[in-house]
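A.B. asks: To start, I am sharing the structure in question, which I have written as structure tokens.
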Amino acid sequence: MRAAQQFALHPNVASSEVGLAMPQRSAAEVDVVVREFHEALARSSDMAVAVAAIQALTTVIKNSTAQTMMGLERELKDAAASLQRCNPTAISLKAGCELFLRYTTRTSALELDTFSAAKKRLIERGQHFAETSKRARATIAELGERFIRKGSIVLVHGHSRVAIAILRKAAAAGKQFSVIVTEGRPDETGLTMARVLEEMRVPTTVILDSAVAYAMERVDLVLVGAEAVVENGGVINKLGTYQVSIAAKEHNVPVYVAAESYKFARLYPLNQRDLPLERKQLDFGPLLPASVSIDNPSRDYTPPQYITLLFTDLGVLTPAAVSDELIQLYV
């Protein structure tokens, strides 16, 4: 079920709920939401950043001392801003906060007669949204597993927990397949992925990032995750995803992207320079002259024409269908 259909939207604020906005949250209150966010991430290595933020924002509603809907909305917006300052370039964190605010401040709870009843409804909706978001990965695994056939050779790039969930589901179903993993420099995400696959007893080969085109002729499908799915159906993901997708298209290999709907972002990049800038540390050692600069962005943008299908908790989508889903999520 679409997340947008699970939470009724309401465009108007009742006159009884109009009041003075609460003052800016104190530093201590900000620390609470940030601490809750980091504790949620620490409790589980499988916890997605966006889901941790959603849980922290639900706690803000529970602990709020606001007396009006306007005051509560201000607290939520301040808390969301504090979370986004933890990592200003994290696109999925921003998208998750925006979706949560949309659902909790534009719902039928505004029709209730008392603020306490409205607040209770918002807590219920926040918890429901968090639980739905946590189930997203399992839903995607059910859908994506069907595309992995017996004897398939799958190429993966980057360490994606939702892609792992698909591969784990396929392995549990008894399908025999093998995986080619790119090394994923400079943060060795490919080695992390290879260790997970080895634990799953899936035959795995690690290749250099620069060997993707060389290996593509023996690949049956490409499976990647996404940091964000943008308005035109393209994706923002680990650096190298774009070139993997170009090589795949040249060899008529389908490219499947696995992404939760809370990663759908209201972004429309026209080129690589439109992405939020984030760089990874990279040390080439003493042989590199000190005067030579290093450019190592952490992510790139893959246009929709290089993507075959997206596996999401909203269903299996073509890139062209993403804009319609975004409208339903945000409007």
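A.B. asks: Please name whichever of Thr59, Gln127, Leu267 sits farthest to the positive end of the charge dipole of the chain, dipole taken about the Cα centre and charges placed at Cβ: Lys and Arg +1, Asp and Glu -1.
C.D. replies: Most positive-ward Cα: Gln127.
A.B. asks: So which lysines pass the test for Lys62, namely a Cα distance under 17 Å, with those fewer than 8 places away in the same chain ruled out?
C.D. replies: Lys77, Lys119, Lys120
A.B. asks: Could you grab the relative contact order for the chain? Cα pairs under 8 Å, six or more apart, rounded to a whole percent.
C.D. replies: In percent, rounded to a whole number, it is 17.
A.B. asks: Continuing with this model, one more query. Report for the stretch 181-331 the percent antiparallel among DSSP-assigned beta bridges with both residues inside it, nearest 5.
C.D. replies: Roughly 55 percent of the DSSP beta bridges within the stretch 181-331 come out antiparallel.
A.B. asks: Of (1) 18.8; (2) 26.9; (3) 17.5, which is the value of mean projected area of the Cα convex hull in nm² derived from the coordinates here?
C.D. replies: Here the calculated entry is (1).
A.B. asks: Just subtract the alpha-carbon distance of Tyr214 and Met47 from 0.36 nm times their residue separation and send over the number in nm, one decimal. Don't skip to the end; give the middle numbers.
C.D. replies: Numbers: separation 167, 0.36 × 167 = 60.12 nm, distance 3.47 nm.
Separation in residues times 0.36 nm, less the Cα-Cα distance, equals 56.6 nm.
A.B. asks: So how much slack lies between Thr192 and Asn87, counting 0.36 nm per residue of separation and subtracting their Cα-Cα distance, in nm?
C.D. replies: Working: separation 105, 0.36 × 105 = 37.80 nm, distance 2.25 nm.
Additional length available on full extension: 35.6 nm.
A.B. asks: On to the next question. Mind checking the stretch 206-257 for GluC sites (Glu not before Pro) that DSSP puts in a loop (not H, G, I, E or B) and that have at most 10 other Cβ atoms within 10 Å?
C.D. replies: Passing sites in the stretch 206-257 are Glu217.
A.B. asks: To continue, here is another question. Can you give me the long-range amide H partners of Leu221? Hydrogens built in the peptide plane at 1.01 Å from N, cutoff under 5 Å, separation of 5 or more residues or another chain.
C.D. replies: Placed amide hydrogens put Ile153, Leu155 under 5 Å from Leu221.
A.B. asks: Once both labels are modelled 7 Å past Cα along the beta-carbon direction, what's the Thr65-Glu278 spacing in nm?
C.D. replies: Using points 7 Å along Cα→Cβ, the separation is 3.5 nm.
A.B. asks: Let me ask something else about it. Quote the charge dipole size of the chain about the Cα centre in Debye, to the nearest 20; the model charges only the Cβ of Lys and Arg (+1) and of Asp and Glu (-1).
C.D. replies: 520
A.B. asks: Oh, and also: What shape does the stretch 142-262 have by the C-alpha gyration tensor, where a ≥ b ≥ c are the square roots of the eigenvalues, rounded means a/c under 1.5, and otherwise prolate means a/b greater than b/c and oblate the rest? List each step's numbers first, then the result.
C.D. replies: Details: a/c = 1.28, a/b = 1.13, b/c = 1.13.
Rounded, since a/c falls under 1.5.
A.B. asks: Counting only protein heavy atoms and a 1.4 Å probe, tell me what percentage of the chain's accessible area is made up of carbon and sulfur.
C.D. replies: Carbon plus sulfur share of accessible area: 52 percent.
A.B. asks: In whole Hz and in residue order, list the ³J(HN,Hα) couplings for the stretch 281-288 that follow from phi through the Karplus curve 6.51 cos²θ - 1.76 cosθ + 1.60, θ = phi - 60°; x for Gly and Pro.
C.D. replies: Taking θ as phi minus 60°, the curve returns 5, 9, 10, 8, x, x, 6, 7 Hz for the stretch 281-288.
A.B. asks: Hey, another quick one. Using a 10 Å cut-off on Cβ atoms, rank the peptides 191-197, 268-274, 257-263 from the highest mean neighbour count down.
C.D. replies: Ranked from most to least packed, the peptides come out as 257-263, 191-197, 268-274.
A.B. asks: Continuing with the same structure: Given +1 on the Cβ of Lys and Arg, -1 on the Cβ of Asp and Glu, and no further charges, what dipole in debye does the stretch 194-331 carry about its Cα centre, rounded to the nearest 20?
C.D. replies: 160
A.B. asks: Averaged per residue, what accessible surface does the stretch 140-231 expose to a 1.4 Å probe, in Å²?
C.D. replies: Values: 4160 Å² over 92 residues.
Heavy-atom SASA per residue in the stretch 140-231 reads 45 Å².
A.B. asks: List the DSSP H helices in the chain whose Cα atoms stretch 15 Å or more along the helix axis and whose mean Kyte-Doolittle hydropathy is at least 1.0.
C.D. replies: Those that pass (Cα extent of 15 Å or more, hydropathy at least 1.0) are 49-63, 161-172.
A.B. asks: Further, regarding this structure: So what are the ³J(HN,Hα) numbers for the stretch 305-320, from phi and the Karplus equation (6.51, -1.76, 1.60; θ = phi - 60°), rounded to whole Hz, Gly and Pro as x?
C.D. replies: Values, residue by residue: 5, 9, 10, 7, 8, 10, 8, 10, 6, 8, x, 8, 10, 7, x, 5 Hz.
A.B. asks: Return the distance in nm (one decimal) between the two label points of a simple spin-label model at Asn296 and Ser323, each offset 7 Å from Cα along Cα→Cβ.
C.D. replies: Roughly 3.8 nm, to one decimal.
The values are calculated or read from the model by the stated rules, or taken from the named source; none is laboratory data. Everything numeric here is computed off the predicted structure, so don't read it as measured data. In this analysis, Cβ positions are derived from the backbone assuming ideal geometry, glycine residues included, and neighbour counts consider all displayed protein chains. Accessible surface is based on the protein model in full, side chains and every heavy atom, while ligands, DNA and RNA are left aside. Shrake-Rupley method; radii C 1.70, N 1.55, O 1.52, S 1.80 Å.
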